[in-house]
Amino acid sequence: MKTYIIDTNALLSFVTDRNPEQQAPMTALFSQAAGLNCKIMCHAHVLTEFVYVLEKVYGHDKAAIRQMLIDFMAMPGIDIINDIDFNTLLDFWPSQISDFGDAVVASLWHANRHAPVVTFDRRFLRELKSIGVPTSQ
């Protein structure tokens, strides 16, 4: 079964209407996961960033964000990862991956090298490609 690792902006593109060109492929990916045709790995740090952006940038109500998290974590095909290999993370950050949260995602890839990282962040895409990480958009 194909596995993907998602970044915060990919998750935000799924739940918001900020960019329909990003929302469409994310909707398709999450539909595949819900049908158990693929697996999506999401690091807990991504969820922390997701909550912060929805609350502070988009002004969503905390109760609504909480329900989004509950619904997301209950979706078939979603695997929430809590472990962080700090040695790998610090090998990436800040010299190869400039953002700490992105380095968390890259360290998850390092532990699961078969899984491409799904992101729409252009800078992060460039950094991932420079270290040989497969990506998907």
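Quick notes on this one:
- Which numbered condition residue 55 misses (of (1) in contact (Cβ under 8 Å) with a residue 24 or more places away in the chain; (2) out of contact with any Leu (no Cβ under 6 Å at 6 or more places or on another chain); (3) surrounded by fewer than 17 Cβ atoms within 10 Å (Cβ to Cβ)): (1)
- The set of residues in the range 19-57 that are of a type in the set (D, E, K, R) and at pLDDT 95 or above comprises 39, 49, 55, 56.
- Tally of residues being in a loop (DSSP other than H, G, I, E, B) and either β-branched (Val, Ile, Thr) or closer than 18 Å to residue 45 by Cβ (or both) across the range 107-137: 7
- When the range 70-90 is filtered for residues that are in a helix (DSSP H, G or I), crowded, with 16+ Cβ neighbours inside 10 Å and free of Cβ contacts under 8 Å to residues at least 60 places away in the same chain, the ones remaining, listed by number, are 88, 89.
- In the range 58-69, the residues that are over 19 Å from residue 4 (Cα atoms) and either surrounded by fewer than 16 Cβ atoms within 10 Å (Cβ to Cβ) or among the aromatic types (Phe, Trp, Tyr) (or both): 58, 59, 61, 62, 63, 64, 66, 67
- Pairs are defined by a Cβ separation below 6 Å, a sequence spacing of at least 6 or placement on different chains, a first member in the range 108-137 that is touching a residue at least 12 places away in the same chain (Cβ under 8 Å), and a second member that is assigned to a loop (DSSP other than H, G, I, E, B) and of a type in the set (Asp, Glu); the pairs so defined are 119/7.
The values are calculated or read from the model by the stated rules, or taken from the named source; none is laboratory data. These figures come from a predicted structure and were not determined experimentally. Please note: Cβ atoms are built from the backbone with ideal geometry, for glycine as well, and neighbour counts cover all protein chains shown.
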